[in-house]
Amino acid sequence: MTVSVRSTTAYAVIDTTLRGHAEYRDFQKGSMTRSDYSRWVESRFDELSGLGLDRDKQNLSTRFPLDDHACVTNALGTLAEDGLVPGADYPVDAFHEFAGRVAEEWDHGGRTTFIFPEEARLMFALTQQVRPRNAVFLGSYYGYWAVWALPAVAAAGGRATLVDIDEGVMSLAERNIAALGYSDVVDFVVADASEYARTLSDVDLCVLDAEGPLDAPDPDQRDKAIYYPHTRAVGHALPPGGLLVAHNVLLENLTGNAYFAGRIANNKAQFAKWSAHLEEFYDVHRVFATSEGVGVYRRNGLPCAG
């Protein structure tokens, strides 16, 4: 079964392809363990590849939470214990209403996003709690993760800034956000994220989802290693208590499978400088085992020149 261009998320592709398999349905219902399902996926590589799922998508299906709402409230509960948010509640009905609007209006323009449903929900819920007045998204791509923060930004009377070096994805983000009625609270910036971050001030929420070229001459600019220069550049603009949220912080192997063992080893190597920077300049570090992994960090009071 193919997925329409207007509904292309990695989750939609994976779910549509796998829902015909009893093992996937059993895993989703909780009647098959995550480890058993993971072993089934590993044993069906050729079959699932033939259906159009590459190894990334096959294995990411093993990380799907069984209950997106519980995943998010558990994360908020942890952050509440850390003093980052007031509690674990968020407006669930408002989320479902907004999710329906996004599903109806969002045009992916033939692109694919690896923001998974629980990660979209977490962004919505977290921002409902903290009500950012100045949110910046470095490496925003075509705005699919950023859009989930916009109801809270608008309610707070704030602004969101999307920053990406690709003019094409920014144009797509502009069209989609206009269709949802939030253009008046969003600035769309086509620029190098590190360079632009140095011009910012008073940012209470910075969201990272950038990705550098794999063949960049500077290793700090390759793939997710780019989080280090981006975080250094924005550090001066985050006051004590400001939040940094990052996607693709996948550091926990939920099933012990070989694919994620390799991916986690690669992530730890890429994040070495970034992790050391976070240890020095952020006093709360939480990583949630969502499909792709989400990190939440709180800025301490040490000056960071960037």
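The values are calculated or read from the model by the stated rules, or taken from the named source; none is laboratory data. What you are looking at is a predicted structure, and each value in this text was computed from that prediction instead of being measured. Every residue, glycine among them, receives a Cβ derived from its backbone with ideal geometry; neighbour counts consider all protein chains shown.
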Regarding region 79-102, can at least one residue be identified that is assigned to a helix (DSSP H, G or I), under 18 Å from Val287 (Cβ atoms), of a type outside the set (Phe, Trp, Tyr) and out of contact with any strand residue (DSSP E or B) (no Cβ under 8 Å at 6 or more places or on another chain)?
yes
Between a residue in region 82-98 that is touching a residue at least 24 places away in the same chain (Cβ under 8 Å) and any residue that is of a type in the set (Lys, Arg), which pairs come within a Cβ distance under 7 Å, given they are 6 or more apart or on different chains?
Asp82/Arg286; Leu84/Arg298; Phe95/Arg121
List the number of the failed condition for Ala103; all other conditions in (1) touching a residue at least 60 places away in the same chain (Cβ under 8 Å); (2) closer than 20 Å to Val249 by Cβ; (3) among the aliphatic types (A, V, I, L, M) hold.
(2)
Would it be correct to say that Gly235 is in contact (Cβ under 8 Å) with a residue 12 or more places away in the chain, over 21 Å from Gln129 (Cβ atoms) and in contact with a Pro (Cβ under 6 Å, 6 or more places away or on another chain)?
no
Expected single match for under 22 Å from Ile165 (Cβ atoms), in contact with a Lys or Arg (Cβ under 8 Å, 6 or more places away or on another chain) and crowded, with 18+ Cβ neighbours inside 10 Å among Phe271, Phe281 is Phe271
Taking region 105-159 as the region of interest, how many residues are over 19 Å from Val85 (Cβ atoms) and among the polar types (S, T, N, Q)?
3
Residues satisfying the stated conditions in region 224-249, i.e. surrounded by 24 or more Cβ atoms within 10 Å (Cβ to Cβ) and part of a loop (DSSP other than H, G, I, E, B)
Leu238, Val249
Tell me whether region 257-273 contains one or more residues that are part of a loop (DSSP other than H, G, I, E, B), among the aromatic types (Phe, Trp, Tyr) and modelled with pLDDT of 95 or more.
yes
Specify the residue that is nearest to Tyr297 (Cα to Cα); the eligible residues are those in region 195-222 that are without any contact (Cβ under 8 Å) to a residue 40 or more places away in the chain and of a type in the set (Gly, Ala, Ser).
Ser201
Look at region 259-268 and say how many of its residues are surrounded by fewer than 19 Cβ atoms within 10 Å (Cβ to Cβ) and more than 18 Å from the chain's Cα centre (by Cα).
4
Here the residues within region 111-153 that are assigned to a loop (DSSP other than H, G, I, E, B) and either under 15 Å from His247 (Cα atoms) or in the same structural domain as Ile14 (by TED's automatic domain parsing) (or both) are Phe114, Ile115, Phe116, Gly139, Ser140, Tyr141, Tyr142, Gly143, Tyr144, Trp145
Within region 142-172, considering residues that are under 18 Å from Gly110 (Cβ atoms) and in contact with a strand residue (DSSP E or B) (Cβ under 6 Å, 6 or more places away or on another chain), the one surrounded by the fewest Cβ atoms within 10 Å (Cβ to Cβ):
Glu167
Output the qualifying pairs, or none if there are none: Cβ atoms under 8 angstrom, residues six or more apart or on different chains, first residue in region 122-134 and touching a residue at least 24 places away in the same chain (Cβ under 8 Å), second residue part of a loop (DSSP other than H, G, I, E, B) and of a type in the set (A, V, I, L, M).
Leu126/Val85; Gln129/Val85; Val130/Leu84; Val130/Val85; Arg131/Ala156; Pro132/Ala156; Arg133/Ala156; Asn134/Val203
Here the residues within region 293-306 that are surrounded by 18 or more Cβ atoms within 10 Å (Cβ to Cβ) and either in contact with a Pro (Cβ under 6 Å, 6 or more places away or on another chain) or in contact (Cβ under 8 Å) with a residue 60 or more places away in the chain (or both) are Val294, Val296, Arg298, Arg299, Cys304
Any chance region 200-208 includes a residue that's touching a strand residue (DSSP E or B) at 6+ places or on another chain (Cβ under 9 Å), more than 27 Å from Trp148 (Cα to Cα), hydrophobic (A, V, I, L, M, F, W, C) and surrounded by fewer than 21 Cβ atoms within 10 Å (Cβ to Cβ)?
no
Here the residues within region 168-215 that are closer than 30 Å to Gln270 by Cβ, among the acidic types (Asp, Glu) and not in a strand (DSSP E or B) are Asp192, Glu195, Asp202, Asp204, Asp209, Glu211, Asp215
